[in-house]
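Taking it in order: structure first as structure tokens, then the write-up.
The values are calculated or read from the model by the stated rules, or taken from the named source; none is laboratory data. Remember, predicted model here, so these are calculated numbers, not experimental data. Cβ placement follows ideal geometry from the backbone for every residue including glycine, while neighbour counts extend to all protein chains displayed.
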Amino acid sequence: MNSIRGMSEATIKEMDNRGRVLIDHFFVRALELLLLTLALLALGAWLLLRMFTRTAGRGGTVRVDPDAAFDLGPVNGFVRRVSGRVQAVSGICTHQGCRLDLSAARDLLTCPCHGATFAMDGANVSHPRPMSSPLPALPRLAVREQNGEIQIYGPTSG
């Protein structure tokens with residue numbers, strides 16, 4: 001009987017096999033943990049995208065023309081098509097934060113609080129009170145059209 005410190009060759013082989021099983025088990029668990037981590041990261045990325053994306057509607061439901069308004073709760077505004085591309089501007093006046101109304105006959109956005117007007121591209125057209133400088137333009141909102149669906153990016157409620 002060959003022995004190392006009193007162990008038989010069979011015992012040494014058994015310990016070697018157990019060690020290999022433990023190492024194999026360790027790598028399997030590490031791979032499982034890596035896959036779980038990747039799945040959680042993918043889920044987190046998807047949730048973030050969903051949190052900052054809201055759908056204004058499908059092509060047949062929401063008109064994409066100069067008088068299309070949208071209200072997604074914390075984000076509202078107006079969407080229009082220019083040279084085949086969809087554009088959107090905020091529906092909140094840059095002066096006092098009032099909600100703008102669409103004056104379809106004049107193709108303008110009007111502030112009901114003080115009468116300022118904005119073009120559909122967000123540029124300030126007029127302000128009834130004398131000011132040293134014109135009002136800031138309405139912020140443009142990130143928007144895309146995908147598969148006939150218009151998506152407006154911004155924070156969403158609850």
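Ala30: farther than 17 Å from Val143 by Cβ and either outside any helix (DSSP H, G or I) or modelled with pLDDT of 80 or more (or both), yes or no? Here the answer is yes, as Ala30 does meet what is asked. Being farther than 30 Å from Phe118 by Cβ, out of contact with any Phe, Trp or Tyr (no Cβ under 6 Å at 6 or more places or on another chain) and modelled with pLDDT of 80 or more is the requirement here; does Ala42 meet it? Taking the combined requirement at face value, the residue satisfies it. Just so you know, in region 70-89 the residues that are of a type outside the set (Asp, Glu) and more than 16 Å from Gly122 (Cβ to Cβ) include one that is farthest from the chain's Cα centre (by Cα), and it is Ser83.
Here's the yes/no breakdown for (1) surrounded by 11 or more Cβ atoms within 10 Å (Cβ to Cβ); (2) part of a strand (DSSP E or B); (3) modelled with pLDDT under 85:
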{"residue": "Glu14", "(1), (2), (3)": "yes, no, yes"}
{"residue": "Val21", "(1), (2), (3)": "no, no, yes"}
{"residue": "Leu38", "(1), (2), (3)": "no, no, no"}
{"residue": "Leu47", "(1), (2), (3)": "no, no, yes"}
{"residue": "Val62", "(1), (2), (3)": "yes, no, yes"}
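For region 1-12, give me each residue that is among the charged types (D, E, K, R) and at pLDDT 70 or above. The one that is among the charged types (D, E, K, R) and at pLDDT 70 or above: Glu9.
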